[in-house]
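K.L.:
Please find one structure pasted underneath; my questions will follow.
The values are calculated or read from the model by the stated rules, or taken from the named source; none is laboratory data. What you see is a predicted model; the values in this text were computed from it and never measured. As a convention, Cβ positions derive from the backbone with ideal geometry for all residues, glycine included, and neighbour counts pool all protein chains shown.
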Amino acid sequence: MSGYLQEREGAVRRKAVTMQSLSAMRAAGEKIATLTCYDASFASLMDYCGVDLLLVGDSLGNVLQGHGTTLPVTIADIAYHTACAARGNQTALLAADMPFGSYATPQSAFDNAVKLMQAGAQMVKLEGGAWLADTVKFLTERGIPVFAHLGLTPQAVHQLGGFKVQGKTAESAERLKADAMALQAAGATLLLLEAIPAALGKEVTEMLAIPTIGIGAGPDCSGQVLVMHDMLDVFPGKKARFVRNFMEGQSSIEAAVRAYIKAVRDKSFPASEHCF
Ligand SMILES: Nc1nc(=O)c2c([nH]1)NC[C@@H]1CN(c3ccc(C(=O)N[C@@H](CCC(=O)O)C(=O)O)cc3)CN21
Ligand SMILES: CC(C)C(=O)C(=O)O
Ligand SMILES: [Mg+2]
């Protein structure tokens, strides 16, 4: 570690988390604890606590920039926050979201993914189904690990007609399963499932060989993710059903992050009240 951040007292030297170690966790039935993270200070704290996977999410459009959707977020925004988070992280796997409009073609996706990988990301996440398979193949063949994102894909909010649960009809559930198979076959090594019925999250996870990370996708995904500002209860008011306030009963952010990891690992989160 260099620069501003000090070595933390009693920091346990954990081996770097890799895509391979996440697959091993899935195989061992050990849940993958994931949080969004956008800067060096929180990356350092989350890594120290033992978060497995950090995601520089385009949710930064909401929680850092104050927009109502993720659409205004640019590749430069994500690259900047990825570089910040990478400076604080030592051992967690660091993934970064490809923002809206940055992966319309395989070539533009590659050019933009290179910017995020050079900023310190170890994997990039893209929202979309079978239509993305060519892009996923193009990136993975060129050494860029791909995290695919299905279900409620917030970059498509205006097409979906709002932030609504997906995969509720038999037809849309079948389409989601076919999408998941196509993305895995194209080389995706992680799959994010957002806001789908818990039974569908279970089915997709069991069907695939790669780990799934859920947010509002039930308890049977290989891991869970939350937006850090949601689980730290930074904003008042109504939150999505899948959010739990981990600051409750804790006296520090570090304790809340540890409580989150523990609840994911011991499967007490998500409970039925967080699922669809
Ligand atoms: N702060 C924050 N947290 C997030 O989880 C998040 C972001 N920002 N920005 C990008 C997307 C947008 N997300 C959202 C936003 C709203 C709902 C929501 O209100 N869901 C309703 C579902 C309504 C229905 O039943 O269809 C809910 O009650 O949970 C869900 C996901 C998830 N992502
Ligand atoms: C909500 C998670 C899954 C995400 O994509 C983000 O933070 O942008
Ligand atoms: Mg996102």
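K.L.:
Considering only the range 163-276, give the strands (runs of 3 or more DSSP E) lying wholly within it that have at least 3 residues that are away from ligand 3 (no atom under 16 Å from the Cβ), over 18 Å from Met46 (Cβ atoms) and out of contact with any Asp or Glu (no Cβ under 7 Å at 6 or more places or on another chain).
P.N.:
Of the strands (runs of 3 or more DSSP E) lying wholly inside the range 163-276, none has at least 3 residues that are away from ligand 3 (no atom under 16 Å from the Cβ), over 18 Å from Met46 (Cβ atoms) and out of contact with any Asp or Glu (no Cβ under 7 Å at 6 or more places or on another chain).
K.L.:
Starting from the range 76-96, keep only residues that are modelled with pLDDT of 95 or more, then list their pairs with residues that are among the aromatic types (Phe, Trp, Tyr) and not in a helix (DSSP H, G or I) whose Cβ atoms are within a distance under 8 Å, requiring at least 6 positions of separation or different chains.
P.N.:
Listed by first residue and then by second, the contacts come to His81/Tyr38; Cys84/Tyr38; Ala85/Tyr38; Ala95/Phe147.
K.L.:
Can you name the residue in the range 91-115 that is within 13 Å of ligand 3 (Cβ to nearest atom) and within 15 Å of the chain's Cα centre (by Cα) and, of all such residues, is nearest to Ser21 (Cα to Cα)? Step through it out loud before you land on a result.
P.N.:
Initial filter on the range 91-115 (within 13 Å of ligand 3 (Cβ to nearest atom)): 95-100, 102-103.
Then drop every residue that is not within 15 Å of the chain's Cα centre (by Cα), which leaves 95-99.
Values: Ala95: 15, Ala96: 18, Asp97: 21, Met98: 23, Pro99: 27 Å.
Taking the candidates together, the pick is Ala95.
K.L.:
Within the range 240-264, take every residue that is of a type in the set (Lys, Arg) and in contact with a Gly (Cβ under 9 Å, 6 or more places away or on another chain) and give me the one that is nearest to Cys221 (Cα to Cα).
P.N.:
Arg241
K.L.:
Got at least one residue in the range 155-165 being in contact (Cβ under 8 Å) with a residue 60 or more places away in the chain and over 28 Å from Ser108 (Cβ atoms)?
P.N.:
Yes, that holds for at least one residue.
K.L.:
List, please: which pairs have Cβ atoms under 7 Å, are six or more places apart or on different chains, and start with a residue in the range 223-244 that is at positive phi and end with one that is assigned to a helix (DSSP H, G or I)?
P.N.:
Note: no pairs meet the criteria.
K.L.:
Considering only the range 47-62, state which residues are more than 22 Å from Pro99 (Cβ to Cβ) and of a type in the set (A, V, I, L, M). Please lay out each step first, then the result.
P.N.:
Initially, the range 47-62 is screened for residues more than 22 Å from Pro99 (Cβ to Cβ), giving 47-52.
Within the range 47-62, just Val51 meets the criteria.
K.L.:
What helices (runs of 4 or more DSSP H) lie completely within the range 68-158 and have 3 or more residues being touching a strand residue (DSSP E or B) at 6+ places or on another chain (Cβ under 9 Å) and surrounded by fewer than 20 Cβ atoms within 10 Å (Cβ to Cβ)? Break it down into steps so the answer makes sense when it comes.
P.N.:
Details: elements: 75-88, 106-119, 133-141.
Where helices (runs of 4 or more DSSP H) fall fully within the range 68-158, none carries at least 3 residues being touching a strand residue (DSSP E or B) at 6+ places or on another chain (Cβ under 9 Å) and surrounded by fewer than 20 Cβ atoms within 10 Å (Cβ to Cβ).
K.L.:
Which count do you get for residues in the range 54-80 that are more than 10 Å from ligand 2 (Cβ to nearest atom) and under 20 Å from Gln224 (Cα atoms)?
P.N.:
Final tally of qualifying residues: 1.
K.L.:
Output the residue which, of all residues in the range 45-64 that are under 17 Å from Ile213 (Cα atoms) and β-branched (Val, Ile, Thr), is surrounded by the most Cβ atoms within 10 Å (Cβ to Cβ). Walk me through it before giving the result.
P.N.:
Residues of the range 45-64 that are under 17 Å from Ile213 (Cα atoms), as a first pass: 50-59.
Checking which are β-branched (Val, Ile, Thr) leaves us with 51, 56.
On the way: Val51: 29, Val56: 31.
That would be Val56.
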